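Reviewing the structure listed below.
The values are calculated or read from the model by the stated rules, or taken from the named source; none is laboratory data. For clarity, every value in this text was computed on a predicted model and none was experimentally measured. Cβ coordinates were reconstructed from backbone atoms using ideal geometry, including for glycine residues, and neighbour counts include every protein chain displayed. Calculation scope for accessible area: heavy atoms of the full protein, side chains included, ligands and nucleic acids excluded. Shrake-Rupley method; radii C 1.70, N 1.55, O 1.52, S 1.80 Å.
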Amino acid sequence: MIGQDGKPVPVANWTLRYDEVAPRHEGLREALCTLGNGYFATRGAAPEARADDVHYPGTYIAGCFNELETVIAGRATRNESLVNAPNWLVLTFAAGDGPWLGSDGVDVLDDCAELDLRRGVLTRRRLVLDRLGHSTEVTSRRFVHMGAAHLAAMELTIEPVNWAGRLRIRSALDGTVTNSGVPRYRELASRHLVPVATGCPADDTMLLVVETSQSHIQIAEAARTRVLAGGAPVAGRRAVTERPGWIGCEVTAEAAAGQPVVVEKTVAITTSRDRAVSDVGQAAADRLRGAGSFAGLLGEHALAWAQLWAHFPLELRGGEDDGILPVLRLHIFHLLQAVGPHSIDRDVGVPARGLHGEAYRGHVFWDELFVFPVLNLRLPELSRSLLEYRYYRLPAARRAAAEAGYRGAMYPWQSGSDGTEQSALVHLNPQSGRWLPDTTYLQRHVGLAVAYSTWQYYQCTADREFLARYGAEIMLEVARFFASIGSYDPGLGRYVIRGVVGPDEFHTGYPGSAAPGIDNNAYTNVMAAWLLRTTAAVLEELPGWRRAELSETLGLTAAELERWEHMSRRMYVPFHGDGIISQFDGYEKLAELDWEDYYARYGNIRRLDRILEAEGDNPNQYQVCKQADVLMLFYLLPAAELDALMRGLGYQWSPDRIPDTIDYYLARTSNGSVLSAVVHAWVLARAHRERALDEFAMALRSDVADVQGGTTAEGIHLAAMAGTIDVLQRCFAGVQTHHDVLWLDPYWPGQLGTLEFGIQYRGHTVTLAIADHTVIVGSGPGRLAPIRVGCHGQVRELSDGQTLTFGL
């Protein structure tokens, strides 16, 4: 697979590898070499690196947010951010009286970074030369323990090439770090950590405790540093230095040319958000005390990854591009580091940029819409926990709706710690340097994503206990909200939704209007109709006692349910031309953009909104899209379901109009979101398979080749990564779950060869093999009730230990 620069992307088999000194790309490498376990993650910076214009070491703990106030553009704004926790990586050395590695006096001559995806280990091999002529080979290995949520370890091997004598080693924990990893946020307040304590619980152990300034979350890091030569401990002199928010030790040992000295640094991290923790410092020290050697911990960690990969079997054989499978593995790897088994029961959501950087300030958006289809069929207990994050924020969503004058639950566009709206009041356009009002909080559709994901989880798992306890209440309250913001328009004889922003984000108002928002965003209206229609099925699935309880608790009345049913049949959907769904009311009346001119002048126009604003213009004037949200309807709803929904609304719309609708919006989309390629691959798969594969390849390249030119360094795009797995699974392989049937409707591109993968469906371990003309489905051994499997209208039962074959 070829990247944006014409070079092959640097991932093959189970390895991501970089082989050159390239400061310009170090931010990208640090993001893609991040190691994590769902509880915390650490970027792939070199252990001696400090935050500057090249490097950005960062550690992020899931759910650890803090809020700071900044005066920007003449107004006070408060921003909640995922906190950059103390840097535990700090480990460096100096030869004799020479400079420390990482300072200006040391050059890196050779640099090779290798990320082992199978075991979750980052190895970095370097040849360094200091200004005194000392040449040294340095190899570091590290991992964030996938089996023990609170542990991480690093091994640094120092081998003198042309010198012998005194070796100085420095290890530290740095709590003076700030959130300054995203250039456009650097005018915002960034110091989230307040020093609490430092100390040495044991001779080889340091302890640092800090606290977030507003949310008062205490974070403790305990680090054990051991120096070995020939496998035996080195009895060197050890000096400890402490200052507020920082503790370090310096060890002196003797080194000989060609004789490696090994430093092991093991770290335990705890926070006051953890269960059964009263003293975070003591808890960190206790966890560290029970941790074994680097080699022992590495063995446990590798076993945990092997067990986790067993839930994600995936093979592509005989295809034309052998670079696809390694990138898919990379995407699964990062998905499981951002939200993995250690995310379960920690009250965390799906962070849009993973735990890999500070873009979007670590917030939770609607990205779960692209993530849950992958997790539902592999780690359903993780999906359930991530959905519970939304359930526990229902009270905040209810308050938001009430304060806006509506009923039900209004989920925020950007969520953080407590479910209140965390969208910024202003945002910086780096192209113009201006701070601008931000009205993207009007993206009410996020509640629809929550409800859709809830229903899809239930379709995959038949988890009635979840639906009864959590899911139904979420869906009913979101339905109530959309019924509340919808109003009846007598002139149209239909219900309308005014003053919102769609997923496209480019259009936040009408030309010349001071009021924010647009009317009747098609995606919002259609999905609202889908939800209001689906609530009837939700109530049918509940046991009678729970249905009665919820009706009493929520005050559901027959009259309210009748109104919902009426809205589900009379929601307004705008059209123009020959059956083209309009993105919103009046979209087709906007001016056409001279695309050739903008491509000629700018080349990359993905962020067309920023370009236009810098020119004194506005995307509200034009038929342009960042990501065409009309096409999202085809991504979420099978053609037959969308057809039935449209006909239920009384529109004589046919799936035959889909190709023209796709062409219309593809011609007007700047692809400002990496999700565009995911959705475009999906919608093109039926009629334009070659173009679909091109878009699929673009989605695969989105982060590994940094197609947006710098954004990946600020954090990976989790939804786009998961989306590539989803395209392979639900689109090309055609795996769908609805009406108590595991459906297979493949549109399999022969160029991809043969696909083999495994999923969990309602307790069954299901294996699938798909080639050009055949689908083979098998279920592992067990004692479960048969499941129903459907392919091209034929439905058959699949029992434990049985295999079914379908012809295509």
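From (1) open to solvent by less than 40 Å² (accessible area, probe 1.4 Å); (2) modelled with pLDDT under 95, pick out the condition that doesn't hold for A268.
(2)
Mind checking whether some residue in the range 311-321 is at pLDDT 95 or above, open to solvent by 40 Å² or more (accessible area, probe 1.4 Å) and under 16 Å from N37 (Cα atoms)?
yes
Please pick out the residue among N13, N66 that is over 28 Å from R118 (Cβ atoms), touching a residue at least 40 places away in the same chain (Cβ under 8 Å) and not small (G, A, S).
Only one candidate passes the filter, namely N66.
Condition check: closer than 26 Å to I332 by Cβ and open to solvent by 70 Å² or more (accessible area, probe 1.4 Å). Does T774 satisfy that?
Against the criterion (closer than 26 Å to I332 by Cβ and open to solvent by 70 Å² or more (accessible area, probe 1.4 Å)), T774 does not qualify.
Go over the candidates A94, A76, A113, A41 one by one and state the one that is small (G, A, S), part of a strand (DSSP E or B), more than 24 Å from the chain's Cα centre (by Cα) and modelled with pLDDT of 95 or more.
Every option except A94 fails the conditions.
Residues being touching a helix residue (DSSP H, G or I) at 6+ places or on another chain (Cβ under 6 Å) and either assigned to a loop (DSSP other than H, G, I, E, B) or surrounded by 15 or more Cβ atoms within 10 Å (Cβ to Cβ) (or both): count how many of those fall in the range 583-610.
Selection size over the range 583-610: 3.
For the range 632-639, state whether one or more residues are open to solvent by 30 Å² or more (accessible area, probe 1.4 Å) and part of a helix (DSSP H, G or I).
Yes, there is a match, as at least one residue in the range 632-639 is open to solvent by 30 Å² or more (accessible area, probe 1.4 Å) and part of a helix (DSSP H, G or I).
If A769 satisfies all but one of (1) open to solvent by less than 60 Å² (accessible area, probe 1.4 Å); (2) closer than 28 Å to A677 by Cα; (3) out of contact with any Ser or Thr (no Cβ under 7 Å at 6 or more places or on another chain), what's the number of the condition it fails?
(3)
May I ask you to list the residues in the range 146-188 that are touching a Pro at 6+ places or on another chain (Cβ under 7 Å), aliphatic (A, V, I, L, M) and either in a strand (DSSP E or B) or closer than 27 Å to P233 by Cα (or both)?
M154, L156, I158, L173
Here's the yes/no breakdown for (1) in a loop (DSSP other than H, G, I, E, B); (2) at pLDDT below 95:
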| site | (1), (2) |
| --- | --- |
| R390 | no, no |
| A396 | no, no |
| A400 | no, no |
| Y406 | yes, no |
| W413 | yes, no |
| G419 | yes, no |
| Q422 | yes, no |
| H427 | no, yes |
| Q431 | yes, yes |
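Here is a list: G782, G723, G758. Which entry is touching a strand residue (DSSP E or B) at 6+ places or on another chain (Cβ under 8 Å) and not in a loop (DSSP other than H, G, I, E, B)?
Result: G758 is the single residue among G782, G723, G758 that is touching a strand residue (DSSP E or B) at 6+ places or on another chain (Cβ under 8 Å) and not in a loop (DSSP other than H, G, I, E, B).
Check off (1) crowded, with 17+ Cβ neighbours inside 10 Å; (2) more than 17 Å from Y572 (Cα to Cα); (3) among the charged types (D, E, K, R) for E540 and give me the number that stays unchecked.
If we test E540 against (1) crowded, with 17+ Cβ neighbours inside 10 Å; (2) more than 17 Å from Y572 (Cα to Cα); (3) among the charged types (D, E, K, R), just (1) comes out false.
Consider L303 against the criteria (1) at pLDDT 95 or above; (2) not in a helix (DSSP H, G or I): it satisfies all of them except one. Which criterion is unmet?
Among (1) at pLDDT 95 or above; (2) not in a helix (DSSP H, G or I), L303 violates only (2).
Report yes if E250 is open to solvent by 20 Å² or more (accessible area, probe 1.4 Å) and closer than 30 Å to L82 by Cα, otherwise no.
no
Scanning the range 494-535 for residues that are among the polar types (S, T, N, Q), open to solvent by 10 Å² or more (accessible area, probe 1.4 Å) and assigned to a loop (DSSP other than H, G, I, E, B), which turns out nearest to D609 (Cα to Cα)?
If we take residues in the range 494-535 being among the polar types (S, T, N, Q), open to solvent by 10 Å² or more (accessible area, probe 1.4 Å) and assigned to a loop (DSSP other than H, G, I, E, B), then T508 is nearest to D609 (Cα to Cα).
Right, G433: buried (at least 23 other Cβ atoms within 10 Å of the Cβ), farther than 17 Å from M632 by Cα and not β-branched (V, I, T) or not?
Here the answer is no, as G433 does not meet what is asked.
Can you name the residue in the range 611-626 that is in a loop (DSSP other than H, G, I, E, B) and of a type outside the set (D, E, K, R) and is also nearest to S432 (Cα to Cα) among such residues?
Of everything passing the filter in the range 611-626, G616 is nearest to S432 (Cα to Cα).
Within the range 286-308, how many residues are farther than 22 Å from L228 by Cα and small (G, A, S)?
Final tally of qualifying residues: 3.
Would a scan of the range 747-755 turn up a residue that is part of a strand (DSSP E or B) and more than 30 Å from Y360 (Cβ to Cβ)?
Yes, the conditions are met somewhere in the range 747-755.
Within the bounds of the range 203-212, is there any residue that is under 37 Å from the mean Cα position of the chain (by Cα), outside any loop (DSSP other than H, G, I, E, B) and within 30 Å of P160 (Cβ to Cβ)?
Yes - at least one qualifying residue is present in the range 203-212.
Determine the pairs where a residue that is over 17 Å from G734 (Cα atoms), located within the range 783-808, has a partner that is assigned to a loop (DSSP other than H, G, I, E, B) and open to solvent by 70 Å² or more (accessible area, probe 1.4 Å) with Cβ atoms under 6 Å apart, the partner being 6 or more residues away or on another chain.
So the pair list comes out as D800/P781; D800/L784; G801/P781.
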